[in-house]
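Asks: First, the structure itself, so that you have it in front of you.
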Amino acid sequence: MTIPEFQAHKQTGKKLVVVTAYDALFAKIVEQAGIEVILVGDSLGVLVQGEKNTLSVTMRDMRYHTRLVAKATEGALIIADMPFLSYQASNEEAIRNAGRLLRAGATAVKMEGGGPIVERVQAVTQMGIPVMGHLGMTPQSVNQFGGYKVQGKSPHQAETLLAEAKALEQTGACSLVLEAIPLDVARTITQTVAIPTIGIGAGPHCDGQVLVLYDLLGLFDEFVPKFVKPYAHLKTDALQALRQYKEDVEGLAFPSDKESYH
């Protein structure tokens, strides 16, 4: 999957399917399932590192996990999140850090927000680095929003989101993530901009969808947003397997002669 192929889905109408991955094993499984776009999300701060939000994730973290995913995949388009404070300070820092993620194996980077971030996106795209925008509920602004809340519910907020989407398109952004916004607002944005929109909690009218892998597989159940549909319940399976293993070891059922060398 290349950036032009990714963008061509907008014209063909074929939905884009995006999933997060943070390590080699899961990246291989995702690609083997036929999913061609992998987002190395800063959500790893919560899911892998056990933090309360994504704000503590560093460039070093993102480069490390991007490298793991890139090494394990063959043809997937890899998009890496630019972590908090890796691009906000200046255009120069944004360009430098985006380049570091490409060196780690990413094909494109993702930057959250509109407003002043539009200038950052333009600076990076002008250097030939593909950028995916991100509007709506942007997790790096969780403190400003007062929590993980739906955005764009008022007419004024909806108009702002549409204006920011147009502005990001003008910068040369290759696509937009629309997170936790009303479906009619997402539909308007999708119909207005010429670049693909990837929804997460933004309804069915976007050009594609993205879900966090651990949510999709039912591994993370501490907080399950309304927009998540678990397609498996691997945490339940894992608990059952681990408890059975514990019981077998304590009951002398494992290892048996079958699992022993002679």
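The values are calculated or read from the model by the stated rules, or taken from the named source; none is laboratory data. Since this is a predicted model, take the numbers as computed values, not measurements. Methodologically, a virtual Cβ is constructed for each residue, glycine included, from the backbone with ideal geometry; neighbour enumeration extends over all protein chains shown.
Asks: For the structure I just gave you, tell me whether GLU36 is acidic (Asp, Glu), surrounded by fewer than 16 Cβ atoms within 10 Å (Cβ to Cβ) and modelled with pLDDT of 95 or more.
Replies: Judged against the criteria, GLU36 is not a match.
Asks: Considering only residues that are touching an Asp or Glu at 6+ places or on another chain (Cβ under 7 Å) and more than 19 Å from ILE29 (Cβ to Cβ), look in the range 55-85 and name the one that is surrounded by the fewest Cβ atoms within 10 Å (Cβ to Cβ).
Replies: Result: PRO83.
Asks: I would also like to ask the following. Read through the list (1) over 13 Å from the mean Cα position of the chain (by Cα); (2) outside any helix (DSSP H, G or I); (3) of a type outside the set (Ser, Thr, Tyr); (4) surrounded by 18 or more Cβ atoms within 10 Å (Cβ to Cβ), then give the number of the only condition that LYS52 fails.
Replies: Among (1) over 13 Å from the mean Cα position of the chain (by Cα); (2) outside any helix (DSSP H, G or I); (3) of a type outside the set (Ser, Thr, Tyr); (4) surrounded by 18 or more Cβ atoms within 10 Å (Cβ to Cβ), LYS52 violates only (4).
Asks: Ok, one more. So which residues in the range 105-120 are over 17 Å from the mean Cα position of the chain (by Cα) and either part of a loop (DSSP other than H, G, I, E, B) or touching a residue at least 60 places away in the same chain (Cβ under 8 Å) (or both)?
Replies: Residues of the range 105-120 over 17 Å from the mean Cα position of the chain (by Cα): 114-120.
Scanning the range 105-120 gives GLY114, GLY115, PRO116.
Asks: Here is a further query. Can you name the residue in the range 40-49 that is in contact with a strand residue (DSSP E or B) (Cβ under 8 Å, 6 or more places away or on another chain) and part of a loop (DSSP other than H, G, I, E, B) and is also surrounded by the fewest Cβ atoms within 10 Å (Cβ to Cβ) among such residues?
Replies: SER43
Asks: Further question: Given (1) over 18 Å from MET137 (Cα atoms); (2) crowded, with 21+ Cβ neighbours inside 10 Å; (3) hydrophobic (A, V, I, L, M, F, W, C), where does LEU216 come up short, assuming only one miss?
Replies: Of everything listed in (1) over 18 Å from MET137 (Cα atoms); (2) crowded, with 21+ Cβ neighbours inside 10 Å; (3) hydrophobic (A, V, I, L, M, F, W, C), LEU216 misses just condition (2).
Asks: Condition test on GLY99, is it surrounded by fewer than 24 Cβ atoms within 10 Å (Cβ to Cβ), assigned to a loop (DSSP other than H, G, I, E, B) and not polar (S, T, N, Q)?
Replies: When the stated conditions are applied, GLY99 does not pass them.
Table: residues versus (1) under 17 Å from the mean Cα position of the chain (by Cα); (2) within 25 Å of GLU31 (Cβ to Cβ); (3) surrounded by fewer than 22 Cβ atoms within 10 Å (Cβ to Cβ); (4) modelled with pLDDT of 95 or more.
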| residue | (1), (2), (3), (4) |
| --- | --- |
| PRO225 | yes, no, yes, no |
| LEU234 | no, yes, yes, yes |
| GLU250 | no, no, yes, yes |
| SER256 | no, no, yes, yes |
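Asks: Does the range 10-28 hold any residues that are in a loop (DSSP other than H, G, I, E, B) and either in contact with a Pro (Cβ under 6 Å, 6 or more places away or on another chain) or farther than 20 Å from ASP61 by Cβ (or both), and which are they?
Replies: Within the range 10-28, GLY13, LYS14, LYS15 meet the criteria.
Asks: List the residue pairs whose Cβ atoms are under 9 Å apart, where the first residue sits in the range 42-65 and is closer than 15 Å to VAL109 by Cβ and outside the structural domain of GLN144 (by TED's automatic domain parsing), the second is outside any loop (DSSP other than H, G, I, E, B) and of a type outside the set (Ser, Thr, Tyr), and the two are 6 or more positions apart or on different chains.
Replies: Pairs found: none.
Asks: Another one. Would you mind finding the one in GLU5, GLU31 that is of a type in the set (D, E, K, R), surrounded by fewer than 18 Cβ atoms within 10 Å (Cβ to Cβ) and either in contact (Cβ under 8 Å) with a residue 60 or more places away in the chain or in a helix (DSSP H, G or I) (or both)? Give the steps one after another, and end with the answer.
Replies: On the way: GLU31 fails: surrounded by fewer than 18 Cβ atoms within 10 Å (Cβ to Cβ).
So the residue among GLU5, GLU31 that is of a type in the set (D, E, K, R), surrounded by fewer than 18 Cβ atoms within 10 Å (Cβ to Cβ) and either in contact (Cβ under 8 Å) with a residue 60 or more places away in the chain or in a helix (DSSP H, G or I) (or both) is GLU5.
Asks: Can you tell me which residue within the range 8-21, out of those that are surrounded by 12 or more Cβ atoms within 10 Å (Cβ to Cβ) and under 19 Å from LEU178 (Cβ atoms), is nearest to the chain's Cα centre (by Cα)? Break it down stepwise before answering.
Replies: The initial filter retains those residues of the range 8-21 that are surrounded by 12 or more Cβ atoms within 10 Å (Cβ to Cβ), namely 8-10, 15-21.
Restricting the remaining residues to those that are under 19 Å from LEU178 (Cβ atoms) gives 9-10, 15-20.
Values: HIS9: 18, LYS10: 19, LYS15: 16, LEU16: 13, VAL17: 11, VAL18: 8, VAL19: 7, THR20: 5 Å.
Checking each candidate, the answer is THR20.
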